[in-house]
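Shown next, in structure tokens, is the structure this report addresses.
The values are calculated or read from the model by the stated rules, or taken from the named source; none is laboratory data. Since the model is a prediction, treat every value here as computed from it, not as a measurement. Methodologically, a virtual Cβ is constructed for each residue, glycine included, from the backbone with ideal geometry; neighbour enumeration extends over all protein chains shown. Just so you know, the surface numbers come from the protein's heavy atoms only, side chains and all, with ligands and any DNA or RNA stripped out. Shrake-Rupley method; radii C 1.70, N 1.55, O 1.52, S 1.80 Å.
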Amino acid sequence: MNFSIELAPNWKRGLTLNHPVMIVTPSWDSSPVGAIVTPPLTARLRARAADPRVIDLPGGFLLNSRAANPGVSQFVEQHQRAWEKSVTPIIVALAAQAADDWAKLAARLERAPGVSGIELHLNPVVDAVSAIQQTRAATDLPILTKLDLENARAIARACLDAGANALVISRAPRGARVIEGKIRRGRMYGPFVQPMVLNALNEIAALKLGAPLIACGGIHSVEDVRAFLSAGADAVEIDTAQWVDAASVARLCEEIAGARDD
Amino acid sequence: MQIQTRIIANERLWANIQTITVTAPDLARTIRPGQFVLARAPNNFDPYLRRVLIPLQTRDDQIQFAMDAADPLVARAYPDAILDLLAPLGRAIHFDSNARHILLATDGARIAPLIFLAHAAIQSGRAVVLVARQTNASPIFPAALLPEEIEYHTTNENEAWMDADALAWADAIYACGTRAAYRELFDAISHARYRVPREFARVWMEAAMPCGVGECFACAIESARGFALTCQHGPFFDLVDI
Ligand code: FES
């Protein structure tokens, strides 16, 4: 395989990956990866969520941590030295707590050294076009837009028209379980998510929107990576697989890099 | 550090506590009280996430861990099987050299972290008192399963968790309980000693820990010092910060 993937083609600031595997993590130094994508950050600290935050599902889990994070400023201060030195592109993921947060968040990153791009976490109740336009007005950094499965196909084109450079399909699907008589909602993770994401990705690829597509959901093996690439993805994001088995994710990245070098 | 260990034994210790013993020479030497490991059966997604195992004691190159007996990993952790560990995780507890009297307290929620602490305190010549409060949800831990050197007291839900004498005797306190119990502890210490000094009392914060290494933020808490991760800054936190 020959990899040099441009996630912001025709934009004033490019975002080139040398490897199609992007890892969602605050820091990563164990094997070659295309990019590091941070967990989603908000304008202010967020640490409270109702228990249980994690609920087992067959072959996966439901997470309700309400995007806990230290807030964008603290996180940037903590990591910017490492980012400045990083040869791997750093993409900072953002989630808004209020409709007008996007511009502030983007402006904070525009000043942060070592940041190569932004990933916006949207959901169906967020006005996606307004979020992207606010962000675009505040920064020239490439914008990846991570869509919810529910409406990814419906809003994909509008997101690109509003200024997004690439689409990430998708955020983890929502689910619920009843625990001790109470309904508990969250986002679902695990290998079983993969067919849903693959289906959505393939449908969006068929729209031929002319923008890079990044697949995210249930990826645990080299075969999974190849399946997404063949279904229309230009790159993939891996999230929970490394919590479960970081060593095998490192091997996966090596193997993909080896395929490129051959 | 991700390591593969071999399971020596998988036994019910008592009530809902299961013990898993593994051979792990390096880890047995380095793991400290206050720390934990995350475990999974290799090549198996049922359960998908790693599970929290808390060291109970180490012997030569073996470690005995405690875990929830109802956890699905128990059925996969049969003797001679491989257990994949991410370890050691969490912040280690080091006793202050002036802390000679160690008071341990559980309100029934957990006891394993206290037992490992007790072994370390006893080995370093410290006096240890353990106070266990019986609740409806949890009966009293049997004294026969504790090291002989521990002075063991039990109370019930209608009594104070720790009395003023015990609080005055202690040089350091380590507690496992609910947030409400920690509030009660804070008030009791303030009352007995007029203030709660920093680094005097540490409390175990119960949290789901999917990654154990600061990646997922699912274990986040808001402490007096701001955003903190149970897996990295805890699970024992200074009571003053909680
Ligand atoms: S368990 Fe993932 S950050 Fe603490």
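Worth a mention:
- Prolate/oblate/rounded label for region B:94-242 (Cα gyration tensor, a/c 1.5): rounded
- Rg and Dmax [Cα atoms of the protein assembly as shown; Å; Rg one decimal, Dmax integer]: 24.6, 75
- Residues of chain B: accessible area per residue with a 1.4 Å probe, Å²: 44 Å²
- Projected label distance in nm at B:Y194 and B:I82, using a 7 Å step from Cα toward the beta-carbon: 6.0 nm
- Between helix B:112-123 and chain B: long-axis angle, C-alpha atoms, 0 to 90°, nearest 10: 70 degrees
- Peptide B:225-235 is shielded by partner chain Cβ atoms: per residue, an average of 2 of them sit within 10 Å of its Cβ.
- Minimum 30 Å² accessible area buried by the other protein chains, region A:66-104 residues, probe 1.4 Å, relative to alone: A:A68, A:P70
- Extended-chain gain in nm, criterion 0.36 nm per residue less alpha-carbon gap, A:R157 and A:S27: 43.6 nm
- The residue list B:A168, B:L27, B:V129 was ranked by how far each Cα lies along the charge dipole of chain B toward its positive end, using unit charges on Cβ atoms, and B:L27 comes out on top.
- Average beta-carbon neighbours from other chains, 10 Å sphere, peptide A:217-227: 0
- Here chain A has 48 percent of its accessible surface on carbon and sulfur atoms, given a 1.4 Å probe and all protein chains in place.
- Carbon plus sulfur fraction of accessible area for region B:83-242, probe 1.4 Å, in percent: 46 percent
- Compared with the dominant principal axis of the Cα atoms in chain B, helix B:179-193 is inclined by about 40°.
- Take the Cβ atoms of B:A15 and B:H153, set R0 to 25 Å, and the FRET efficiency comes out at 0.85.
- P(r), alpha carbons of region A:5-261 - 10 Å bins starting at zero, rounded %: 7, 32, 39, 19, 2, 0
- Residue-normalised accessible area of region A:5-261, expressed per residue, 1.4 Å probe, Å²: 40 Å²
- Distance (nanometres) between label positions extended 7 Å along Cα→Cβ at B:D60 and B:T178: 4.4 nm
- DSSP beta bridge pairing in region B:1-134, given as percent antiparallel to the nearest 5: 85 percent
- On the basis of the beta-carbon distance and an R0 of 25 Å, B:T30 and A:R81 show a calculated FRET efficiency of 0.30.
- The helix-based estimate of mean residue ellipticity at 222 nm for the protein assembly as shown, built from -39,500 (n - 2.57) per DSSP H run of four or more residues and divided by its residue count, is -8000 deg cm²/dmol to the nearest 500.
- Expressed to the nearest 5 percent, the antiparallel share of DSSP beta bridges inside chain A is 35 percent.
- DSSP bridge orientation in the protein assembly as shown - percent antiparallel, rounded to nearest 5: 50 percent
- Each chain gives up part of its surface: B and A jointly bury about 2200 Å² of accessible area, both sides summed, for a 1.4 Å probe.
- Comparing mean-square fluctuations of A:P20, A:P52, A:P89 from a GNM of chain A with C-alpha springs under 10 Å, the top value falls on A:P52.
- Modelled spin-label separation between A:K182 and B:A127, with each label point placed 7 Å from Cα along the Cα-to-Cβ direction: 4.3 nm.
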